[in-house]
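First comes the structure, then the notes that go with it.
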Amino acid sequence: MIVKPLLDAERLLEELDTLASYSDTPKPAITRVIFTKPDLEARAYLGGLCQEAGLSIRQDGLGNIFARWEGSEPDAPAVATGSHYDAIPYAGAYDGTVGVLGGLEAIRALQRGGFRPKRSIELILFTSEEPTRFGMGCLGSRAMAGVLGPDNLRQLTDAEGRTLEEVRQEAGYGAPLEEVVLPEGFYHSFVELHIEQGPILEQDHVPIGVVTAIAAPAALRVTLEGKGGHAGTVLMPDRRDALCAAAEIILGVEAFAKNSGSINTVATTGFCEVYPNAVNSVPSKVRLEIDVRDVEQARRDGVIRSIIQGVEQVGTRREVGYNVQIINIDPPAKAGSEVLKALVSSCGEAGVKFKPMVSRAYHDSLFMARIAPTTMVFIPCRDGVSHRPDEYAVPEDIVRGTYILALTLAKLSYADEKPPQVKDEPMTLND
Ligand SMILES: [Zn+2]
């Protein structure tokens with residue numbers, strides 16, 4: 001079968017521009033947080049575009065939107081694409097949105113080209129990939145994959161103490177959260193188009209990145225409790241300074257990642273809260289938040305164990321109380337072989353150079369990979385910049401990525417064999 005997607009590049013770029021206008025901050029700074037006014041406006045806009053394309057729309061209780069182009073075998077598991085359209089405060093116009101509107105344009109381009117899908121092709125607009133409001137990223141895809149259950153969802157609250165339950169109902173999403181999880185084998189495959197959010201493609205002058213794996217993220221919260229007091233009167237032998245303990249721990253985090261034996265291990269203490277945070281007061285309480293990632297789960301978990309042991313040692317030696325809480329600890333994702341093959345051969349047919357790469361940022365694909373063979377298509381972004389107003393991807397790259405996505409979806413729609421799916425269970429450190 002000859003597949004010739006007919007892209008309307010102008011329309012795609014206009015739609016990206018329109019989507020960017022649904023924001024709590026003026027362009028080019030985009031702020032679109034789940035279930036706020038701009039988010040609801042964006043939902044309505046995107047839903048309208050999907051309807052216009054003749055797609056049938058389903059929405060779940062979390063606000064994930066599914067727009068399906070029905071194939072000639074409507075009961076077969078569908079091929080899915082999609083991304084997120086929420087944006088952290090003062091972000092750019094391309095993170096996530098390229099995969100949302102590019103996914104839609106890929107479907108429309110196949111429609112214009114006269115393609116008839118066998119397996120249905122479905123566009124997924126994921127709820128809250130960014131952790132801005134409820135403190136946890138990839139809410140929609142986590143819940144779809146069954147990683148985050150209804151009871152956990154109901155416990156989530158925002159900074160104002162409002163529950164997810166409350167705000168989702170208010171936004172008009174009242175369907176039971178029990179129905180968000182997707183049954184085994186619901187999708188045949190999943191492909192997400194996304195800007196790289198890093199500098200490699202641009203530096204190497206390669207227009208397409210083929211994602212073979214997504215690094216495994218984890219986050220820890222460390223609370224330290226020492227003894228406060230007057231900075232002048234508490235003598236040094238009597239100190240139980242929580243910030244000094246934290247300083248040792250932070251340097252330990254850096255050292256454990258540096259000494260892991262691989263450049264792929266990264267660890268960051270990106271958050272430090274000091275109490276009472278005053279120049280003439282001995283710090284009595286500190287809260288740290290630590291992010292640890294690696295493409296190898298065992299190595300990442302080894303670093304986490306070392307950090308926890310380090311906290312215990314420092315706390316004991318300095319007589320500072322400590323507590324380590326694991327916020328999330330997710331396995332890495334490896335791309336499905338058949339999806340990868342479809343993507344690579346699409347690049348070949350289109351005569352487009354590509355580069356196999358690892359995604360060091362995580363995406364909804366990390367969780368989709370647990371329920372369907374998954375890969376991602378990366379396109380370059382200027383200077384590797386993302387999550388900033390000056391985030392930018394050139395039109396040619398957006399269009400090329402969308403074209404490759406369209407070819408890949410068409411191939412997968414006719415792919416027959418279903419590769420075996422290995423489920424990777426998250427490890428628990430408490431047992
Ligand atoms: Zn994103």
Exercise for review: Please list, in chain and number order, the residues 5+ apart from His188 or on another chain whose amide H is under 5 Å from its amide H, with Hs placed from the backbone.
Suggested key: Ala78, Val79, Ala80
Revision key, fill the gap. Relative contact order in percent for segment 78-199 (Cα pairs under 8 Å, 6+ apart) equals 35 percent
Review point. Along the Cα-to-C-beta direction of Ser56, a point sits 7 Å from the Cα; which residues of segment 74-111 have their amide N less than 19 Å from that point?
Key: 74-81, 107-108, 111
Check your understanding: Which residues' amide hydrogens lie under 5 Å from the amide hydrogen of Ile208, considering only partners 5 or more residues apart or on another chain, with H built in the peptide plane?
Key -> Lys355
Review point. Once phi is turned into ³J(HN,Hα) by the Karplus curve 6.51 cos²θ - 1.76 cosθ + 1.60 with θ = phi - 60°, what whole-Hz value does each residue of segment 51-63 show in order, with x for glycine and proline?
Key: 4, 4, 7, x, 8, 8, 10, 10, 10, 9, x, 8, x
Revision key, fill the gap. Expected sort for 236-247, 175-186, 97-108 on mean C-beta neighbours within 10 Å, highest first, is 97-108, 236-247, 175-186
Review point. What net charge do the residues around Ile195 carry, taking every other residue with its C-beta under 9 Å from that of Ile195, with Lys and Arg at +1 and Asp and Glu at -1?
Key: -4
Check your understanding: What trypsin sites (Lys or Arg not before Pro) in segment 318-397 are in a loop by DSSP, with at most 15 other Cβ atoms within 10 Å of the Cβ?
Key -> Lys353
Point to revise | Sparsely packed trypsin sites (Lys or Arg not before Pro) within segment 148-181, loop by DSSP, other Cβ within 10 Å at most 15 | key: Arg162
Practice item. Would you order His387, His194, His230, His188 from fewest to most other beta-carbon atoms within 10 Å of each residue's own beta-carbon? Key: His230, His387, His188, His194
Check your understanding: At what distance in nm do the modelled label points of Ala350 and Gln325 sit from each other, each positioned 7 Å from its Cα along Cα→Cβ?
Key -> 4.4 nm
Study note, to complete from the structure: With x for Gly and Pro, the residue-by-residue ³J(HN,Hα) of segment 256-273, computed from phi through the Karplus equation 6.51 cos²θ - 1.76 cosθ + 1.60 at θ = phi - 60° and given in whole Hz, is 4, 5, 5, 9, 6, x, 9, 5, 7, 8, 10, 9, 9, 9, x, 9, 9, 10
Check your understanding: So if R0 is 25 Å, what FRET efficiency would Ala298 and Ile263 give, r being the distance between their Cβ atoms, rounded to the nearest 0.05?
Key -> 0.95
Point to revise | the chain: relative contact order in percent, alpha carbon pairs under 8 Å with at least 6 residues between | key: 22 percent
Review point. Going by a ≥ b ≥ c, the root eigenvalues of the Cα gyration tensor, does segment 216-329 fall in the rounded group (a/c under 1.5), the prolate group (a/b larger than b/c) or the oblate group?
Key: prolate
Check your understanding: Separation of segment 184-228 and segment 94-159 by C-alpha centroid, Å?
Key -> 15 Å
**Study point:** lysines whose Cα lies under 23 Å from that of Lys341, excluding same-chain neighbours fewer than 8 positions away
**Key:** Lys4, Lys118, Lys353, Lys355, Lys411, Lys418, Lys423
Review point. Using θ = phi - 60° and the Karplus form 6.51 cos²θ - 1.76 cosθ + 1.60, what ³J(HN,Hα) does each residue of segment 300-317 get, whole Hz, x for Gly and Pro?
Key: 4, 5, x, 5, 5, 4, 4, 4, 5, 4, x, 4, 4, 5, 5, x, 5, 4
Review point. Mean separation of Cα pairs under 8 Å and 6+ residues apart, divided by the residue count of segment 346-412: what relative contact order is that in percent?
Key: 29 percent
Exercise for review: Please list, in chain and number order, the residues 5+ apart from Arg240 or on another chain whose amide H is under 5 Å from its amide H, with Hs placed from the backbone.
Suggested key: Lys227
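Readers should treat all values here as calculations from the given coordinates under stated rules, not as data from a laboratory. The model shown is predicted, which means the values in this text are computed figures rather than measured ones. All Cβ positions, glycine included, derive from the backbone under ideal geometry; neighbour counts span all protein chains shown.
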